[in-house]
Each structure stands twice: as C-alpha cells, then as structure tokens.
Amino acid sequence: MTSSSPAYVEGATVLSQERLTEDVYRLTVATTTGGTPGQFYMLRAWEREPLLARPISVHNVEEDIVSFLYQVRGRGTELLARLEQGGKVALSGPLGHGFRTEGLRGRIAIVTGGIGIAPMFCLARTLPPGDVTVIAGFRSHPYAVAQLVDLSVDVRVTTEDGCNGTRGFCTAIFDPHVYDTVVTCGPMPMMARVAHLCAEAGVPCQASLEAHMACGVGACLVCSCPTVLGNKLVCADGPVFDAAEVIWHA
C-alpha cells in the first residue's frame, strides 16, 4: 500500500523520545500525515550537516501521531537521538509501498532481525492476532517485543548470546511449512535465507528492504535493487517487495 501524496512537515513536535537499549530509540511526533505498515519517512533534525535526511520506517500510527523505531548508526541518527520532548523534526512522507496486507491470510509468520522489527508493530495491529507468529532475532537483549505480546501475538525470540529466548539465529527456528504467508525485515543475509526457505516450501513472502537513499522519491537512483524484473528502487518501488523477485546474491 502507498500514500497518494506524501507531505512535508517543516517542524513536527516531538512528543517523546524513549531509549530502549544502548543504541535503539523510539521517537514519537505529533503529525496527522499518517502512513501504512511498511512505509517510511525521511527525517531531518539539523540544518546543514549531514547533507541528507535519514529514511526511517513507520513503527506506529495513531490519529495524530507517528512513531519511529531506529538504531543509531551514524551522525544523522545520532542527532535524531538527541531530540527531546518539545523539539522539532522535519518530516517528508509517508513514502514508498508498504506491505500488501490484503495478501496476508491464514497462518502468518513475521520474521525479523535486529532493527528489522521496527515496522512490524504497525503491521501486526492490522492482522488477526490468533494467526500471527513473530520470530524476532537479536544479537543480545531484545527490544520492542512487549508491544507485540500485548497484541496477543505469539512472539518467539532468539538471541545470538543466549541472554533471552533461544540461543542462535531466528532462521534456525523458522519453518515456513507451518505458515501460509511470511513477511520479513532485517539484515540482508537473514532475509535471503528466509526468502530461500519460503521459495523451497512454496510459501509467499514479502520482504522489506533497507538501503542508503538520498531523496526517498526515486529521483536520485541511489537505492537501486536488482530483481528478476530488472533494477528497481527501494524508495519508490519498495521498500516492500515480493521476496521471490529480489536477486539476493547479485
């Protein structure tokens, strides 16, 4: 799903900034621009440097708020993490094509790695809770899973260091044969593995990709992604793709 006309908000007011782990934050701002599961915004909380805004996926949408879950990975997200209640942030969005929720039926698996869990609360809220299983992998301490549990979603956690849930990778406990549809978001090698398992099992899978991008609207061509239908843009054609179309090891 996609919005018909993305908006630009010069100074959206920060309602809250929560630090969930050492480098993961949840930012909530006041705006009526909305969004659907899987879409994203370009965020900017500085004047000159860095030059570009940062693409952040929609974590949650209410009537007059939008929340973003993000990980500090560089200068831009470091500046976003400094925002406090009452501060201002420039927003452009919602952008991109999100999850095709009309195609999510039957037993649904949501498979995530790390910050790939960000768009899944927004998605899970739209799905029948009894039919949804979230398999979430983390390096260490998990985050953003309590909200999913509150939705009566079956949440299964893996951690690489074994501090919580099952020790190992999320793909080790994922069996596509017991599901009718799958969605995934996380590191590319993890999603490639999920896509491969789903293809072998004949189970449809939607994958939300992450890429460096400059504009968010398909003008700069920075976020090109190889697919069986030719190169596509993560920002304009995605970020959600049919996993079977993506060339994972180009």
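The values are calculated or read from the model by the stated rules, or taken from the named source; none is laboratory data. Bear in mind the structure is a predicted one, so any value in this text is a computation, not a measurement. Methodologically, a virtual Cβ is constructed for each residue, glycine included, from the backbone with ideal geometry; neighbour enumeration extends over all protein chains shown.
Candidates in the range 21-34 are the residues that are of a type outside the set (Ser, Thr, Tyr) and surrounded by 15 or more Cβ atoms within 10 Å (Cβ to Cβ); of these, the one that is farthest from the chain's Cα centre (by Cα) is 29.
Conditions (1) among the small types (Gly, Ala, Ser); (2) under 15 Å from the mean Cα position of the chain (by Cα); (3) modelled with pLDDT of 95 or more, marked per residue:
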| position | (1), (2), (3) |
| --- | --- |
| 103 | yes, no, no |
| 110 | no, yes, yes |
| 115 | no, yes, yes |
| 134 | no, yes, yes |
| 137 | yes, yes, yes |
| 148 | no, yes, no |
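For the range 223-250, taking the residues that are under 16 Å from the mean Cα position of the chain (by Cα) and not hydrophobic (A, V, I, L, M, F, W, C), the one that is nearest to residue 55 (Cα to Cα) is identified as 239.
Listed by position, the strands (runs of 3 or more DSSP E) contained in the range 83-194 that have at least 3 residues being crowded, with 23+ Cβ neighbours inside 10 Å are 88-95, 108-113, 132-138, 181-185.
Taken over the range 46-60, residues that are surrounded by fewer than 21 Cβ atoms within 10 Å (Cβ to Cβ) and either modelled with pLDDT under 95 or not assigned by TED's automatic domain parsing to the domain that holds residue 89 (or both) amount to 7.
The single condition among (1) assigned to a strand (DSSP E or B); (2) touching a residue at least 12 places away in the same chain (Cβ under 8 Å); (3) not polar (S, T, N, Q) that residue 18 does not satisfy is (2).
Scan the range 59-72 for residues that are part of a loop (DSSP other than H, G, I, E, B) and in contact (Cβ under 8 Å) with a residue 24 or more places away in the chain and the total you get is 3.
Please work out if residue 121 is within 21 Å of residue 29 (Cα to Cα) and touching a helix residue (DSSP H, G or I) at 6+ places or on another chain (Cβ under 8 Å). So residue 121 passes the test. When every residue of the range 146-154 is checked against the conditions, none turns out to be under 30 Å from residue 34 (Cα atoms), touching a Cys at 6+ places or on another chain (Cβ under 9 Å) and not β-branched (Val, Ile, Thr). Tallying residues that are surrounded by fewer than 16 Cβ atoms within 10 Å (Cβ to Cβ) and over 18 Å from the mean Cα position of the chain (by Cα) within the range 199-221 yields 7.
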